[in-house]
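Beneath this line is the structure, given in structure tokens, with notes to follow.
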Amino acid sequence: MKTVLFGTLMLSAACALNPAPVPVSGAAEDVKALVGDWTGQYRSPETGRSGSILFMLEAWHDTAHGDVVMVTREANMTFDDATSEATRRRAANQVLTIRFVRVNGSLVTGTIDPYPAPDCTCDLVTVFHGRLRENRIEGTFRSHHTGHDMPVQEGTWWVTRTPSQPR
């Protein structure tokens with residue numbers, strides 16, 4: 001457990017140094033409400049996947065930076081015998097890229113770039129929704145398998161704004 005947590009923290013720190021650009025759209029006042037450094041977590045009890053979220057938006061910009069780190073519990077992963085060990089390891093911890101964020105009043109929505117599903121040879125497409133209340137956003141997400149009729153996977157997420165660091 002400590003090894004997984006340490007690995008997750010190290011991966012999170014690496015992502016924080018070079019997060020991907022994320023377009024943010026909405027009315028100027030709504031976008032301004034998202035300015036700051038946000039950190040949090042997500043989890044899906046039904047899949048056993050969880051991880052950290054990093055999201056940063058500077059004042060007067062319409063592009064943020066952020067990543068999502070997915071950690072999968074080995075016990076819940078199912079692979080067929082032909083799945084390589086490298087594929088199994090890659091599926092255990094993945095850095096996911098936030099594709100875009102839209103804000104309308106206190107409603108925050110967005111998507112994650114498609115990523116390899118840890119439970120099949122397909123990709124997952126994830127959409128998230130949340131509600132901004134002061135320095136916290138809480139919400140839900142839904143992930144759909146591409147090319148498979150597997151059930152939609154759902155979970156919850158939250159981020160809190162941390163005090164800004166001089167850049």
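Rule-based calculations on the coordinates, nothing more; no lab input. Predicted model only: the values in this text are computed from it and were never measured. Using ideal geometry, Cβ is built from the backbone for each residue, glycine included, and neighbour counts are taken over all protein chains shown.
Structure above, values below:
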{"item": "Separation in nanometres of the label points that stand 7 Å from Cα toward Cβ, at ASP123 and ARG136", "result": "3.5 nm"}
{"item": "FRET efficiency estimate (nearest 0.05) - Cβ-Cβ, GLN41 to HIS61, R0 25 angstrom", "result": "0.50"}
